[in-house]
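Below you'll find the structure, written out as structure tokens, and then a few comments.
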Amino acid sequence: MIKLVQTNQSISNNKLPDNDNKASKQNKFSRFDPDKISDDEDNSWAEDLSQSGGSDGGGGRGGEEDYYGEEEEYGEESIDKGHKIEALEETPTAHNQDESYVIRKKNNKRVTINVYCTEYEIVKKVSRKVNNFKLKELEEDHEGAVIKGQGGQKLSHAWDISWHDLAITPDYMSKMQSYQKVNHFPGMYVVCRKNFLARNLMKMQRQFPDEYSFFPKTWLLPSEQIEFRNQFTTVSLNGKSNPKQGKKKTYIVKPEALSQGKGIFLSRSMEEIMDSCQNEGCVVQRYIHQPYLIDDLKFDLRIYVMLYGVNPLRIYFHEQGLARFATEEYQCPVNSNLDNLYMHLTNYAINKNNDKFQQNEDEDEDDQGHKRSLNAILCLLKQEGHDPERLLREIKDIIVKTLVIGQPYLSHLYKSCQPEDLDNSMCFQILGFDVILDHKCKPWLLEVNQSPSFSTDSPLDYKIKKQVIGDAFNLLNCSHERRQEHIRLKKEEMEKRIMTGKINKINQEEKEKIRQEKLKERFEYEEDRMGGYELIFPCEDETQNKLYESYIQKANDLWDDFTTGGKSKKAKEQLNEKKNSIVQ
Ligand code: ADP
């Protein structure tokens, strides 16, 4: 059989933004590659932590001149063409009357976004036009600092937000100032890489079989080959294994570190699957053979989720999303159609190459073509007798349960990079959850993208992604005042240190108090600025929250078992026992 292999160049294991085939800035700066750390999950925890580097929050003076040094300001044209507009004028002149030039008054009070590490025009456009940010392109050789062993480079102080198309290193985060925000959490591959996601979901499934039953049955090959072989054989009373009788099941095989449908194939043959997984780790899943069909086509949903805090977790769900359609009429898998990728895969990167692919031409007709809006799908499902509210509730539940599994590792990394941070808001991340519906309209999680594509090939793409990005920026609470406050506090701290010769340290109790105050302020700030986002964790329903907390607790126990063999949990219990006996 023919494998559904894409001809595109293979990419690094640190996935490229999906759907985006542009030659990215790969050569401009080296990328963080989790596989450079380790292919093996067990080692990756430890090795990645060892890269977290200095945890002093990034050295450097907090002097005002650092923040307001030589400004480079760009207009719309200049960004597109890569030119810098030198003049910053208030009064119109012959050339800035030309509409193509957007010359802005030099204004240090605007929020500054560093767009050096993004190629997405929409990020720049939304920053400038919707959120009135100032754009800068500041090259920062942060990856080099880790990989080439040239530690010590500082990040620029001149930005408030930095947008990266690909993942950041712990080293990068450890060098950020407390008022700066970046659009990735270090270590996000813990839920976004196919094999880590599967392994961690399966660990939770063993603890909560009914609650964690929202992903197709999965095996990690080659490590779980014995369990996988059992799918094809039965063991008789005399201990002999025989081939299973009856209808053959279909499996979908995915290289563990690729995306955009690359390297994926369908198979019903154990030998074929085992062969293909000998040299390269693969995630093998039961194929959902009866998907929900619209116009006889298979589709999946791209749901946008913003993670904005890991300790505690803060998860936002965006009401705008997309549905990506396959381009050949769906038929149940049989040997003769297994290799028809236009029928079985819904990736845009694959289906746009089919002559039958119809691009959506009008953002208001969002129920047309092979990419439609989430809303259009929900309306249609309602017409067909389903309950869209229930479906959305189930999808939100899947999202929270999935992110819960990454919480211990993400918060551990966050804390080791920025031990003094009490805001829990230096990182935010827009994730793309891929969900498929089966014929009963039950949602199944397929994967989580840490760099969902922000390419805008159609007006509908543009409309939806603009809202997702713009609403995320609105939640961030970046401002000139915040930056000033940071400078003031640093100055104050420095003065105290000079006067007393001591470092001003606050105790745990005080820290917790400040943390709680900040959390309260944050709720109030974000409540009015959500736009299309909805806070799904913590949520309003206290019973539901408690349930999620219990999953987080379990995820922490598993992490503790994994990293210390459960020692830290035992130590905590002993401490509590001691405290109790003193009180009695
Ligand atoms: P990638 O990251 O390469 O896009 P996915 O896991 O999203 O990998 O799979 C690609 C496509 O394959 C999905 O969009 C979906 O259409 C199809 N697919 C993936 N897993 C399954 C499954 N278990 N059952 C049915 N279809 C699947």
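I'd like to verify a number: residues in segment 176-234 that are closer than 30 Å to Lys518 by Cα, within 16 Å of the ligand (Cβ to nearest atom) and in a loop (DSSP other than H, G, I, E, B), how many?
Final tally of qualifying residues: 1.
For (1) crowded, with 23+ Cβ neighbours inside 10 Å; (2) of a type in the set (Phe, Trp, Tyr); (3) within 14 Å of the ligand (Cβ to nearest atom); (4) in contact (Cβ under 8 Å) with a residue 40 or more places away in the chain, each residue gets a yes or a no:
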| site | (1), (2), (3), (4) |
| --- | --- |
| Leu410 | yes, no, no, yes |
| Tyr414 | yes, yes, no, yes |
| Cys417 | yes, no, no, yes |
| Cys427 | yes, no, no, yes |
| Leu437 | yes, no, yes, yes |
| Cys441 | no, no, no, yes |
| Leu446 | no, no, yes, yes |
| Leu460 | yes, no, no, yes |
| Ile464 | yes, no, no, yes |
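Do we have any residue at all in segment 138-149 that's open to solvent by 10 Å² or more (accessible area, probe 1.4 Å) and modelled with pLDDT of 85 or more?
yes
Somewhere in segment 485-503, is a residue hydroxyl-bearing (Ser, Thr, Tyr) and either in a helix (DSSP H, G or I) or within 16 Å of the ligand (Cβ to nearest atom) (or both)?
yes
Within segment 337-351, can you find the residues that are away from the ligand (no atom under 13 Å from the Cβ) and without any contact (Cβ under 8 Å) to a residue 60 or more places away in the chain? First the steps, then the outcome.
Kept after step one, since they are away from the ligand (no atom under 13 Å from the Cβ), are these residues of segment 337-351: 337, 339.
Answer for segment 337-351, where residues must be away from the ligand (no atom under 13 Å from the Cβ) and without any contact (Cβ under 8 Å) to a residue 60 or more places away in the chain: just Asn337.
Only one residue in Leu380, Leu391 is touching an Asp or Glu at 6+ places or on another chain (Cβ under 8 Å), at pLDDT 95 or above and within 15 Å of Leu437 (Cα to Cα). Which one?
Result of the check over Leu380, Leu391: Leu380.
What number of residues in segment 242-269 are part of a loop (DSSP other than H, G, I, E, B) and either at pLDDT 95 or above or within 16 Å of the ligand (Cβ to nearest atom) (or both)?
13
Would you tally the residues in segment 290-309 being surrounded by 15 or more Cβ atoms within 10 Å (Cβ to Cβ) and either among the charged types (D, E, K, R) or near the ligand (Cβ under 9 Å from one of its atoms) (or both)?
Qualifying residue count for the region: 5.
With respect to Asp423, is the statement that it is assigned to a loop (DSSP other than H, G, I, E, B), free of Cβ contacts under 8 Å to residues at least 24 places away in the same chain and open to solvent by 10 Å² or more (accessible area, probe 1.4 Å) true?
So Asp423 fails the test.
Only one residue in Lys511, Lys518, Lys491 is touching a residue at least 60 places away in the same chain (Cβ under 8 Å) and touching a Gly at 6+ places or on another chain (Cβ under 9 Å), so which one is that?
Being touching a residue at least 60 places away in the same chain (Cβ under 8 Å) and touching a Gly at 6+ places or on another chain (Cβ under 9 Å) holds for just one of Lys511, Lys518, Lys491, which is Lys491.
Between Gly385, Gly406, Gly432, which is outside any helix (DSSP H, G or I), modelled with pLDDT of 95 or more and more than 24 Å from Lys466 (Cα to Cα)?
On the way: Gly406 fails: outside any helix (DSSP H, G or I); Gly432 fails: more than 24 Å from Lys466 (Cα to Cα).
Only one candidate qualifies: Gly385.
Go through segment 270-286 and count every residue that is in contact (Cβ under 8 Å) with a residue 24 or more places away in the chain, more than 10 Å from the ligand (Cβ to nearest atom) and either open to solvent by 10 Å² or more (accessible area, probe 1.4 Å) or of a type in the set (Lys, Arg) (or both).
7
The values are calculated or read from the model by the stated rules, or taken from the named source; none is laboratory data. Not measured: the values here are computed from a predicted model. Every residue, glycine among them, receives a Cβ derived from its backbone with ideal geometry; neighbour counts consider all protein chains shown. These area figures cover heavy atoms from the full protein model, side chains too; ligands, DNA and RNA do not enter into them. Shrake-Rupley method; radii C 1.70, N 1.55, O 1.52, S 1.80 Å.
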